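Read-outs: derived from the displayed coordinates by stated rules, not from any lab. Since the model is a prediction, treat every value here as computed from it, not as a measurement. Note that we place each Cβ from the backbone using ideal geometry, even for glycine, and neighbour counts take in every protein chain shown.
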Amino acid sequence: MTEVRFMPPAAKYLKKIKDKKLKGLFQDAIDKIREDYTVGEAKTGDLSGIFGYDIYYNKTNYELAYTVEYENDKIIVVIMAGTRENFYDQLKRYMK
């Protein structure tokens, strides 16, 4: 199965989540991405090469940003997770 690695911002955010249902939704999203990494929306422009996956829960939109690297096998690298508010601005800052 495809390996998943978490960058520090994603690991920190996912560790802070207390709501079990929301944590489960993020885990389901990661499982779907492991099966087929194209389920997310490919970003363009400054963020080309990055995919975004939307999660809706409790009237809030959450985002999961990831990329795919190829070593011996595919490795999914989860870059960042969080609420939609200012998400892509923070992602651009992190990518620099």
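Report, by chain and number, residues whose modeled amide H sits under 5 Å from the one on residue 3, excluding near sequence neighbours (fewer than 5 apart, same chain).
Those qualifying (amide H under 5 Å, at least 5 residues apart or on another chain) are 76.
Where does the chain land at 222 nm, in deg cm²/dmol rounded to the nearest 500, when only DSSP H runs of n ≥ 4 count, each adding -39500 (n - 2.57), divided by all residues? Let's see the in-between values first.
On the way: 3 runs with 34 residues, N = 96.
Per the formula, -11000 deg cm²/dmol.
Restricting things to alpha carbons, find the Rg to Rh ratio for segment 5-96 using the Kirkwood radius for Rh. Mind showing how you got there, number by number?
On the way: Rg = 12.6 Å, Rh = 13.4 Å.
For segment 5-96, the value is 0.94.
Given the options 36, 28, 46, state which has the largest fluctuation in a GNM of the chain using a 10 Å cut-off (strictly under) for Cα springs.
46
Mind checking which lysines have their Cα closer than 28 Å to the Cα of residue 43? Skip sequence neighbours fewer than 8 apart in that chain.
Correct list for residue 43: 12, 15, 16, 21, 23, 32, 59, 74, 92, 96.
Starting from the Cα of residue 4, step 7 Å along the direction of its Cβ; do the same at residue 83; then give the gap between the two resulting points in nm.
2.3
Output the relative contact order of segment 32-96, whole-number percent, from Cα pairs under 8 angstrom with separation of 6+ residues. Before the final figure, lay out each step's value.
On the way: 88 pairs, mean separation 14.4, N = 65.
With pairs under 8 Å counted, the relative contact order is 22 percent.
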